[in-house]
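As C-alpha cells, the structure follows; a few thoughts come after it.
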Amino acid sequence: MTRMTTPLAFTLLLAGLVPAAGQAQTPSPASATTTAPYFVEQSMNVFRRFNGDGAKTLEFYGQVLGFGDVGAVGGVSRYQVGPSQLKFTRAGANTAFTRGGINDAAGVRLWTMWFADEAALTKRFADHGFAAPAFKVVDGVRAALVADPDGEWVQLVIEPDAPKDTYGRLEIGIAANDLEKSRAFYRTFVGLQELPPVKDAVLGVTKYPFRHGSTTISVWATPGPKPTNRQLAGIQYVVKPVDPIWALAQERAIPVEQPLRETLPGLVTTWLYDPDQVTNYFAEIRPRQRPAPAQAPAQ
C-alpha cells in the first residue's frame, strides 16, 4: 500500500469509515501515550490486495464463506464480519507477493473466522467448485485451514450454538520477524490489550493476542527471517482526532508510509508501518462546513 491517490481516498471515505452514531468517544489529551484513546469504533477493519480480476477471491469471501456484501465503492469490495469489514483491492500489474505456507513470509498471514453450521459451509464450498475444507478437532476446537484463491490462508472455526457475537469475531494473524518488536508496537504504540499467550497446536506456534473489541491481532515468531509483503495487507482504524497519532508516531520514530494529510476534503489520514511493514492506517472523518447560501441583492 504505497501512495494513496485521491480516487482511493474517496473510495475509503465512502467505504465504511464514517463511525456509527453514538460510537465516538471523547478524545484524551494530546499527551496520550498510545493511539488507543482516539479509537471511535470497537473493532478494526482489514484490507488485502488480490491478483488478476479478483472474481474468485470475492466469490470465496462473499458467497462461499457467506459474509455480507456491503457493496463495492470504486475499486474496493467490502464484506461484513460483525462490526469489522474485509476490504479488497486489485494489486498492481507488476506487484509480486510471497505466498506459499503461512510461515513462508512475515506480515499478515492468516484470517480466522467463526461459523455455526459446518454442513452448510461445506456445501457452499462444493456448490462453488471449491475443495471441501478438511475439518479436524485439535485441543477441543474443530477447525480447518484453507487457502483462498490468491493463496492467502483462512482458518474456519466451527462453534455451533455459540453466542451471536462469536460469529462477528475476526482474528488477524501476523508472523513477525522480530516478535518482541512487533509485540511492543501493538502494545505500546497502538495500545491494544495484550492477552496471555496461546499455544496454537494447528500452527505449531505460540501466539500473542492483542484485542480491540470484536477484533484480535495475534502475533507469532517466524521460523527465521522471512520476506515481507509490503503491499499485500493492512489494518485500518477509525480515529478522532488523527493529529495526535501523527505526533506520537514522529516522537516514537514509527516508519511512515504516508504522512498526515487531508487526502480529500474531510478525510485526514496517516499510514504507518509495523516492524514487518504491515500498514496500520489511521483515518479521521471531519465534518465540513457548507458555505452559506448567497444572499439575493436588495431591491
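The values are calculated or read from the model by the stated rules, or taken from the named source; none is laboratory data. In this text the structure is predicted, and so the values were computed from the model without any measurement. Here the Cβ is made from the backbone with ideal geometry for all residues, glycine too, and neighbour counts use every protein chain on show. Heads up: the accessible areas ignore ligands, DNA and RNA and are worked out on the full protein's heavy atoms, side chains in. Shrake-Rupley method; radii C 1.70, N 1.55, O 1.52, S 1.80 Å.
Would you confirm, using the coordinates I've provided, whether Phe39 is buried (at least 19 other Cβ atoms within 10 Å of the Cβ), at pLDDT 90 or above and more than 30 Å from Gly129 (Cβ to Cβ)? Yes, satisfied. None of Gly62, Gly66 is at pLDDT 95 or above, open to solvent by 40 Å² or more (accessible area, probe 1.4 Å) and either closer than 25 Å to Ala116 by Cα or under 20 Å from the mean Cα position of the chain (by Cα) (or both) except Gly66.
For segment 69-128, the set of residues classified as out of contact with any strand residue (DSSP E or B) (no Cβ under 8 Å at 6 or more places or on another chain), farther than 28 Å from Val205 by Cα and among the aliphatic types (A, V, I, L, M) consists of Val73, Ala93, Ala119, Ala120, Ala126, listed by residue number.
Among all positions in segment 190-203, there is at least one residue which is open to solvent by less than 30 Å² (accessible area, probe 1.4 Å), farther than 24 Å from Phe50 by Cα and assigned to a strand (DSSP E or B). When Leu170 is tested against (1) within 17 Å of the chain's Cα centre (by Cα); (2) at pLDDT 95 or above; (3) more than 27 Å from Lys199 (Cα to Cα), just one condition goes unmet, and that condition is (3). Of Ala233, Ala175, Ala221, all but one fail to be under 18 Å from Trp153 (Cβ atoms) and over 17 Å from the mean Cα position of the chain (by Cα); the exception is Ala221.
Filtered by the rule that a residue be open to solvent by 10 Å² or more (accessible area, probe 1.4 Å), outside any strand (DSSP E or B) and not small (Gly, Ala, Ser), segment 249-275 gives Gln250, Glu251, Arg252, Ile254, Pro255, Pro265, Pro275.
Keeping to segment 226-248, report how many residues are in a strand (DSSP E or B) and either in contact with an Asp or Glu (Cβ under 6 Å, 6 or more places away or on another chain) or open to solvent by 50 Å² or more (accessible area, probe 1.4 Å) (or both).
Just the residues of segment 226-248 that are in a strand (DSSP E or B), to begin with: 228, 233-239.
Narrowing the set further to residues that are either in contact with an Asp or Glu (Cβ under 6 Å, 6 or more places away or on another chain) or open to solvent by 50 Å² or more (accessible area, probe 1.4 Å) (or both) leaves 228, 238-239.
So the count comes out to 3.
Going through (1) in a loop (DSSP other than H, G, I, E, B); (2) at pLDDT 95 or above one by one, Pro223 falls short only on (2).
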